[in-house]
There are 2 protein chains.
Amino acid sequence: MAPSQRQIEEREARKQRILDGALNVFKANGIEGATMDHIAQESGFGKATLYYYFKSKEDVFSEILEAGWKNIWESLEPIIADQGSPRNSFIKLLIKIAEIAQARPGLFEFLFNAPKTIKLENQPWKEYQHRLYGVIQGLLEDGVREGEFPKINPELMFKALGGLFMGLVFMGDKKDPVSEKDVEKLLNQLITDPNYSSN
Amino acid sequence: MAPSQRQIEEREARKQRILDGALNVFKANGIEGATMDHIAQESGFGKATLYYYFKSKEDVFSEILEAGWKNIWESLEPIIADQGSPRNSFIKLLIKIAEIAQARPGLFEFLFNAPKTIKLENQPWKEYQHRLYGVIQGLLEDGVREGEFPKINPELMFKALGGLFMGLVFMGDKKDPVSEKDVEKLLNQLITDPNYSSN
DNA sequence: TTGTTTTTCGAATTAGTGGTCGAATATTAA
DNA sequence: TTAATATTCGACCACTAATTCGAAAAACAA
């Protein structure tokens, strides 16, 4: 018998509960300290039950990554579609990302740190990541070409800004989170638009 | 009987050999894949012997961190002592760090990544790290005060530049390493000195 | 030489950890 | 009510990896 809609939703909700638990455990104990036992306890299921819903530990993390990146991509899509100057789109993009990161810091950190530890092929979320990186690269290239950014090798700039951004979000002992205003101001000042002297 | 000078040196050399092996294993397998068995094999000792020289696995990593940070600090000290404009010292500092990072990329990456995984108190290397961060913060504060940098909250700038720099050194698939020239150019362009328009 | 100290390491031991089993316990549909 | 079906989980298994043991080989000093 095909399971009813309600059943499906409940099952999905249970999966989500496990996913949330996993993220909590990760946040508390680091990606290494996140054991299935902990996750089971945190999410309120027996360990074996986790395996009823997920094929493996990796599968759990995989789904977090997938959902996380998908969400990021979808939040960013409108900004990307929105035609505007590269520089402007770029800044809007970063601000939006900061917003997302601020909203769920644990998730965001996981999204960027977990891959270093987990390592696997055929990760569907990589598709989103690549797309996003591609867009950013393109924005930088266009911006440099149109003279909106200083003339720096875009790839280098990408790396640097990637690091910069990660730094903003993660670095230090995360006392005070960085506000949108901060990001905007910082970017506006660092990435001086050569065309306009006041801004 | 007190061990002779030569004995002490040989022992020290053996420890170093183990440390090097550990770093190799780390570089090859990531910080998680670095097992004592691997390290033993890589460094050419029996596993139990590692424990003759080091109290624990953590101790091994701890000593790498310690030596690494100490070395960085000592390489940087002359630049720090050297009186000059904050902006200039700052750039020289970063370039020097890039140099060090380039010379021993594995070590450098370890220095910045391991702490996230290992986590422990009373790590003597933290002292060096704090000192260095303090100096950089100071440089930024002075620079902003003296109008050599754009007026941005120095702490924020510190985080951002920290991330930026890490990005330069680590991020991406580390195809082509970033040259000093790149760093210098990038910094010169990003951190525009408001006082001089040509540079 | 020879007794002592230093160094070495294979073989346990120990502590976890991911994953599985099989038996309950609910839930559902007829 | 009842026979499936879905869900749950404690106990277990297999394996990995850090750490320890105990004895032996080297190096050393007398």
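Every number in this text was worked out from the coordinates using simple rules, so none of it is lab data. Values in this document were obtained by computation on a predicted structure and should not be read as measured data. Note: ideal-geometry Cβ built from the backbone for every residue, glycine included; neighbour counts use all protein chains shown.
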In Å, the Kirkwood estimate of hydrodynamic radius for segment B:98-142 over Cα pairs equals 12.0
Relative contact order of segment B:20-159 (C-alpha contacts under 8 Å, at least 6 apart) in percent is 24
Give me the extension gain from B:Ala81 to B:Glu155: residue separation times 0.36 nm, minus the current Cα-Cα distance, reported in nm with one decimal. 24.4 nm
Near-label residues of segment A:45-60 by backbone N, under 18 Å of a point 7 Å along Cα→Cβ of A:Ala67: A:45-46, A:49-60
Give the separation of the Cα centroids, segment B:41-105 to segment A:10-61, in Å. 38
Can you order the peptides B:132-139, A:19-26, A:64-71 by their average number of other Cβ atoms within 10 Å per residue, highest first? A:19-26, A:64-71, B:132-139
